[in-house]
Amino acid sequence: MTKKEAFLDRRQRGNDAVLRHGDLTIRRFLALDGDAYREGAIPAKHKELLGLVASAVLRCDDCIAYHILRAREEGATRDEVTEALSVALVVGGSILIPHLREAFELLDEL
């Protein structure tokens with residue numbers, strides 16, 4: 001199983017569990033999260049790259065993987081993703097290097 005397949009499978013199972021057991025607040029938050037990344041004054045691709053930077057600075061590997069996949073789906077190039085990760089590294093510092101390893105392994109797979 002590829003990194004992408006493993007991530008998507010684990011994410012789907014987790015989301016199913018959250019939706020099965022989550023209350024109205026959790027469901028509303030998930031809907032809000034989806035709405036925030038929709039096309040608007042800022043293109044969806046750029047929003048996903050912003051999400052990628054924030055996720056990297058917060059050191060959330062699942063979030064990083066999700067935003068890399070979504071950014072690529074929205075048409076982001078490898079160079080655009082790489083530059084976004086460079087911004088994250090400048091903001092977040094060297095503690096992000098292990099997360100960059102994971103990110104670039106996934107990006108290589110795509």
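Whenever a residue of the range 71-98 is closer than 10 Å to L49 by Cα, its partners that are assigned to a loop (DSSP other than H, G, I, E, B) and of a type outside the set (S, T, N, Q), lying with C-beta atoms within less than 6 angstrom and at least six residues away or across chains, give the pairs R72/L110. Within the set V53, V81, V57, V91, the sole residue that is among the β-branched types (V, I, T) and surrounded by fewer than 17 Cβ atoms within 10 Å (Cβ to Cβ) turns out to be V91. The helices (runs of 4 or more DSSP H) located wholly in the range 1-99 include none with 3 or more residues which are over 18 Å from L110 (Cβ atoms) and in contact with a strand residue (DSSP E or B) (Cβ under 8 Å, 6 or more places away or on another chain).
Yes or no, residue by residue, for (1) of a type outside the set (D, E); (2) farther than 15 Å from K4 by Cβ:
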site: D33; (1), (2): no, yes
site: Y37; (1), (2): yes, yes
site: I68; (1), (2): yes, no
site: P98; (1), (2): yes, yes
site: A103; (1), (2): yes, no
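Only the coordinates and a few stated rules stand behind these numbers; no lab work does. Computed from a prediction, not measured in an experiment: that's the story for all the values here. So basically every Cβ, Gly included, is an ideal-geometry build from the backbone, and we count neighbours across all protein chains shown.
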